[in-house]
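Below: the structure, in structure tokens.
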Amino acid sequence: MNPMLKKLVDQDFMTESQSKYLEDAIDGKESIIVSGHKGWGILPLMATLMAIAKAKYRTLQVKGFDDLKNEDIDYFLIPGISNIDFEKLIKEAMAVGNISFISIKDPDHPYSIFKLLREVFKENEDTSKVYQILECAKIDDEPKLVKITQVTLNEKGRLIKKDFEG
């Protein structure tokens, strides 16, 4: 197990099976969206996942739209950026072929993941990407990773959602 993920397991933020699942998702170059409120552990989780991707792949921390034109990388790392159309940035990142991303969805950066996936499909009909949506929450006042949903698109652009049961 990756030591950074083990730390989150030891803090009882996630389970060992969730940790293994997320490590496998990064190994498979899947896109990851960390969802929740800031006090729910989303920032440490996103930072951990970005650090793991950085150690394994060519990554680029996105600061604006121009960064999405860089095609010589494996992962876009998209932190919560202020003063930008964040929804449009995520949509454009989704539309870039062969490059995955790790990002955030929180009250400061709201967007509809499923709406964007449908819009991008209408533009490029790409069904090759796999998205992992990580939902964090507070349980008994403790931040936790409470749900992982894998989302793919079929050849007609319909969303296929599968919850991780580990």
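Within segment 144-159, at least one residue is touching a Cys at 6+ places or on another chain (Cβ under 8 Å), open to solvent by 50 Å² or more (accessible area, probe 1.4 Å) and within 20 Å of GLU23 (Cβ to Cβ).
Every condition in (1) without any contact (Cβ under 8 Å) to a residue 60 or more places away in the chain; (2) open to solvent by 80 Å² or more (accessible area, probe 1.4 Å) is met by LYS138 except one, and the failing one is (1). All of (1) within 19 Å of LYS161 (Cα to Cα); (2) in a strand (DSSP E or B) hold for LYS115 with one exception: (2).
In segment 115-134, of all residues being over 18 Å from ILE78 (Cβ atoms) and of a type outside the set (Gly, Ala, Ser), the one that is most open to solvent (accessible area, probe 1.4 Å) corresponds to LYS122.
What tally of residues in segment 24-60 results from selecting those that are closer than 16 Å to HIS109 by Cα and of a type in the set (Gly, Ala, Ser)? Of the residues in segment 24-60, 4 are closer than 16 Å to HIS109 by Cα and of a type in the set (Gly, Ala, Ser). Within segment 25-43, residues that are under 13 Å from ILE102 (Cβ atoms) reach partners that are open to solvent by 10 Å² or more (accessible area, probe 1.4 Å) and basic (Lys, Arg) with beta carbons closer than 8 Å, at six or more positions or on different chains, in the pairs ILE26/LYS56; GLU30/LYS129; SER31/LYS129; ILE33/LYS105; VAL34/LYS105; SER35/LYS105. Does ILE160 satisfy being farther than 23 Å from LEU49 by Cα, modelled with pLDDT of 95 or more and assigned to a strand (DSSP E or B)? Considered against the rule, which asks whether it is farther than 23 Å from LEU49 by Cα, modelled with pLDDT of 95 or more and assigned to a strand (DSSP E or B), ILE160 comes out as yes. Restricting the first member to segment 146-166 and to residues that are over 30 Å from VAL9 (Cβ atoms), and the second to residues that are open to solvent by less than 50 Å² (accessible area, probe 1.4 Å) and at pLDDT 95 or above, the beta-carbon pairs closer than 6 Å and six or more apart or on different chains are LEU153/PHE121; GLY157/PHE121.
Answer with yes or no whether LYS6 is within 17 Å of ASP108 (Cβ to Cβ) and touching a residue at least 12 places away in the same chain (Cβ under 8 Å). So that I can check it myself, show each step before the final result.
Numbers: within 17 Å of ASP108 (Cβ to Cβ): no; touching a residue at least 12 places away in the same chain (Cβ under 8 Å): yes.
For LYS6, the condition - within 17 Å of ASP108 (Cβ to Cβ) and touching a residue at least 12 places away in the same chain (Cβ under 8 Å) - is not met.
Here TYR111 fulfils each of the conditions (1) surrounded by 15 or more Cβ atoms within 10 Å (Cβ to Cβ); (2) more than 27 Å from TRP40 (Cβ to Cβ) apart from (2).
The values are calculated or read from the model by the stated rules, or taken from the named source; none is laboratory data. Predicted model only: the values in this text are computed from it and were never measured. All Cβ positions, even for glycine, are placed from backbone atoms using ideal geometry, and neighbour counts span all protein chains on display. Side chains included, ligands, DNA and RNA excluded: accessible areas come from the protein's heavy atoms. Shrake-Rupley method; radii C 1.70, N 1.55, O 1.52, S 1.80 Å.
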